[in-house]
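Structure first, commentary second.
Just so it is clear, none of the values below were taken in a lab; they were calculated from the coordinates. Quick caveat, the model's predicted, so the values are computed rather than measured. Because the Cβ atoms are built from the backbone with ideal geometry, glycine has one as well, and the counts that use them run over all protein chains shown.
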There are 2 protein chains.
Amino acid sequence: MIDMTRTFAALSDPTRLSLVEYLMRQGEQPAGALSELTDISAPAVSRHLKVLREAGVIGQRVAGTHRYYSVNPEAMRAIASWTMDHKAFWAGSLERLDGLLAIDPEGEE
Amino acid sequence: MIDMTRTFAALSDPTRLSLVEYLMRQGEQPAGALSELTDISAPAVSRHLKVLREAGVIGQRVAGTHRYYSVNPEAMRAIASWTMDHKAFWAGSLERLDGLLAIDPEGEE
DNA sequence: CCTTTATTTCACACAACCGTTAATTAAAGA
DNA sequence: TCTTTAATTAACGGTTGTGTGAAATAAAGG
């Protein structure tokens, strides 16, 4: 079971949010590539990756001395679902949501 | 513009997440009702509400001595959108998302 | 095997977060 | 207007989070 407070906490740091967004754009990346993205030290990045991993936001693949990280789609799904799991709230709001979340990976662009 | 790290930080505390979930279920509520939900003191709840408000997660309506709080739908929309704003990621993942977020406020239940 | 490369863990310092009780603000009601 | 009620702000202490440089681990390569 996904702990949403932990998921949100993992994404509440600017460095970590950037790392996740980068991984979503670029796909799986080794720790070194992620470390080069930021101004902070490699040990600091390493610990951020650990926080994200322990929260289930990213996964790790080991190959030799390299550790490849990638975003866990299930975590993203859990976040989107959390916002949607309150039908009464959305029904009560003035917002019209139809189509708002009509995602279409294969689609236009 | 919504600062996502701030939004996620606001939701990263168990007490605050509970408050938001309660407000989504129950709709607008005065601070007193929210305070009764938790074991912690009223001042502590008050500060949690402030954090949520400053992050834009909830809004406040003042009436006499009462302050009524309610969830800001725009904040929920922003969270769901953040997860969806990475089509390449979703397209690359194995997850099939069609219908997953098919919300239907008027619908079944 | 010795060195280099990739990455993490350790030890420490400083800032931010969260809870408490006491004090303050301000509207309502007798 | 004095008191009660609703809620917040203030002041303090303890815990957690985040950064750094140094040390450790472990696979690769000469």
Percentage of interatomic Cα-Cα distances in segment A:40-86 larger than 11 Å: 71
Using packing as a proxy for protection, rank B:31-38, B:7-14 so that the peptide with the highest average count of other Cβ atoms within 10 Å comes first. B:7-14, B:31-38
If one computes the Cα centroid of segment A:1-50 and of segment B:31-94, what distance in Å separates the two points? 24
So what is the relative contact order for segment A:4-92, in percent, with contacts set as C-alpha pairs under 8 Å and at least six apart? 30
A:A88 paired with A:A33, simple spin-label distance in nm, labels 7 Å along Cα-to-beta-carbon: 4.6
Rounded to the nearest 10, the angle in degrees between the Cα long axis of helix B:14-26 and the longest principal axis of the Cα atoms of chain B comes to 90
Hey, could you pull the Cα Rg and Dmax for segment A:4-92, both in Å? 14.5, 53
For B:D3, which inter-copy label distances result when the label point lies 7 Å beyond Cα on the Cα-to-Cβ vector, reported in nm to one decimal and in ascending order? 2.6
What do you get for Rg/Rh over segment B:9-54 if you use C-alpha atoms and the Kirkwood form of Rh? 0.91
Compute the distance in nm between two label points, each set 7 Å from the Cα along the Cα-to-Cβ direction, one at B:R25 and one at A:S46. 4.4
What are the distances, in nm and sorted shortest first, from the label point of A:R25 to the label points of the same position in each other copy, with each label point placed 7 Å from Cα along the Cα-to-Cβ direction? 4.0
proj_area_mean for the protein assembly as shown (convex hull on C-alpha atoms), units nm², value 14.3
Distances from A:H66 to the same position in the other copies: list them in nm, one decimal, shortest first, using label points 7 Å from Cα along Cα→Cβ. 6.1
Across B:2-9, the residue-averaged tally of Cβ atoms belonging to other chains within 10 Å stands at 4
Whole-Hz Karplus couplings 3J(HN,Hα) for segment B:57-67, θ = phi - 60° and coefficients 6.51, -1.76, 1.60, Gly and Pro as x, run 6, 10, x, 10, 10, 9, 8, x, 8, 8, 10
